[in-house]
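**Student:** First the structure, then my questions, so here it is.
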Amino acid sequence: MELAADATLRAMALRRALTGGSTGPILADLRTKVRLRRAGSLIVIAIDASDSMNVQRRMAVAKGAVMALLVTAQVTGDRVALVSFEGEDAEIVLQPTASMARARARLQRLPTGGATPLAAGLAHALTVVRSERRRDPLVRPRIVLSSDGEANVPRSPGANVQEELDALADEIRNEGIDSVVLDSNPRFASSAALRRLAGRLGASYHAIHELDVQGLTTLITDWKQVDR
């Protein structure tokens, strides 16, 4: 309040010197300090842990990429959540945290196997974002999906996998959630399904094999600069 009072006194003195007017305060003299809280950033990483990810070192490549993202998130002060999907469903294996040590530990212990419930992975990532937005409406979320794109398990028995993915992508995009799709397939074998999903999400699409550490780092740093 001392700074606000000083500003008011200066305004009164300046008016008196220029106009010879009243020495008392007027409405325009009133000042108050407004504290602006910087919005926090949340990165929700949804990683495919299905059996197909064990082919041609896809999982090792994907984990390496996510590890690079975690290092960058630590430097930029972001919070991170991890969602794993494999078998018949997905799981939030790490709630939003600023502890990159915990995130790395969970990532390293991530098991693989089973089918690819990609829609469930996106749905769980969306659940994390919605929960954080209820807690902090100013949070700036980003979903990073890492997969080989071989979605083959619907969320609801008998449902069409592609229709579920389209509906989820529309929800994520309509809620203004930024997203990135990382294709873990080997070189020259990119997934048309993931490219299509990225388009539906309004997401940037990247083949992991074409990204070096600097490229992965840029995925976060450029996003943060643009969003300021």
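**Student:** Residues of the range 107-121 being closer than 19 Å to residue 59 by Cβ and surrounded by 16 or more Cβ atoms within 10 Å (Cβ to Cβ), which ones?
**Tutor:** Step one: filter the range 107-121 for residues closer than 19 Å to residue 59 by Cβ, giving 107-118, 120-121.
Those that are closer than 19 Å to residue 59 by Cβ and surrounded by 16 or more Cβ atoms within 10 Å (Cβ to Cβ): 107, 110, 112, 114, 115, 116, 117, 118, 120, 121.
**Student:** If you don't mind, another one. Going by the conditions given, is residue 181 in the same structural domain as residue 207 (by TED's automatic domain parsing), under 26 Å from residue 210 (Cβ atoms) and among the β-branched types (Val, Ile, Thr)?
**Tutor:** Here the answer is yes, as residue 181 does meet what is asked.
**Student:** What pairs come out if I take residues in the range 82-109 that are more than 10 Å from residue 47 (Cβ to Cβ) and pair them with residues that are among the acidic types (Asp, Glu) and part of a loop (DSSP other than H, G, I, E, B) whose C-beta lies under 9 Å away, six or more apart or interchain?
**Tutor:** 98/78
**Student:** Any residue in the range 131-148 that is in the same structural domain as residue 48 (by TED's automatic domain parsing), in a helix (DSSP H, G or I), farther than 20 Å from residue 40 by Cα and not β-branched (Val, Ile, Thr)?
**Tutor:** Checking the range 131-148: not a single residue is in the same structural domain as residue 48 (by TED's automatic domain parsing), in a helix (DSSP H, G or I), farther than 20 Å from residue 40 by Cα and not β-branched (Val, Ile, Thr).
**Student:** Suppose we filter 194, 165, 201, 216 for residues that are surrounded by 13 or more Cβ atoms within 10 Å (Cβ to Cβ) and touching a residue at least 60 places away in the same chain (Cβ under 8 Å); which single one remains? Steps first, answer last, please.
**Tutor:** Working: 194 fails: touching a residue at least 60 places away in the same chain (Cβ under 8 Å); 165 fails: touching a residue at least 60 places away in the same chain (Cβ under 8 Å); 201 fails: touching a residue at least 60 places away in the same chain (Cβ under 8 Å).
Within the list 194, 165, 201, 216, the selection yields 216.
**Student:** Kindly check whether there is at least one residue in the range 60-70 that is buried (at least 16 other Cβ atoms within 10 Å of the Cβ) and not in a helix (DSSP H, G or I).
**Tutor:** Within the range 60-70, not a single residue is buried (at least 16 other Cβ atoms within 10 Å of the Cβ) and not in a helix (DSSP H, G or I).
**Student:** Residues being aliphatic (A, V, I, L, M) and either surrounded by fewer than 20 Cβ atoms within 10 Å (Cβ to Cβ) or over 22 Å from the mean Cα position of the chain (by Cα) (or both): count how many of those fall in the range 136-162. First the steps, then the outcome.
**Tutor:** From the range 136-162, those aliphatic (A, V, I, L, M) are 138-139, 143-145, 151, 153, 159, 161; that's our starting set.
Applying the additional criterion that residues be either surrounded by fewer than 20 Cβ atoms within 10 Å (Cβ to Cβ) or over 22 Å from the mean Cα position of the chain (by Cα) (or both) yields 138-139, 153, 159, 161.
The total comes to 5.
**Student:** Here is a follow-up. For the range 154-184, how many residues are outside any helix (DSSP H, G or I) and in contact with a helix residue (DSSP H, G or I) (Cβ under 7 Å, 6 or more places away or on another chain)? Outline the logic, then answer.
**Tutor:** In the first step, residues of the range 154-184 are kept if they are outside any helix (DSSP H, G or I); the result is 154-160, 175-184.
Within this subset, residues satisfying the condition of being in contact with a helix residue (DSSP H, G or I) (Cβ under 7 Å, 6 or more places away or on another chain) are 154-155, 177-184.
Number satisfying all stated conditions: 10.
**Student:** Scan 211, 145, 138 and give me the residue that is closer than 19 Å to residue 84 by Cα and either aliphatic (A, V, I, L, M) or modelled with pLDDT under 95 (or both).
**Tutor:** 145
**Student:** Under the condition of being at pLDDT below 90 and of a type in the set (A, V, I, L, M, F, W, C), which residue from the range 185-207 is nearest to residue 49 (Cα to Cα)?
**Tutor:** Taking the candidates together, the pick is 189.
The values are calculated or read from the model by the stated rules, or taken from the named source; none is laboratory data. The shown structure was predicted, so the numbers you read here are calculated from the model rather than taken from an experiment. Please note: Cβ atoms are built from the backbone with ideal geometry, for glycine as well, and neighbour counts cover all protein chains shown.
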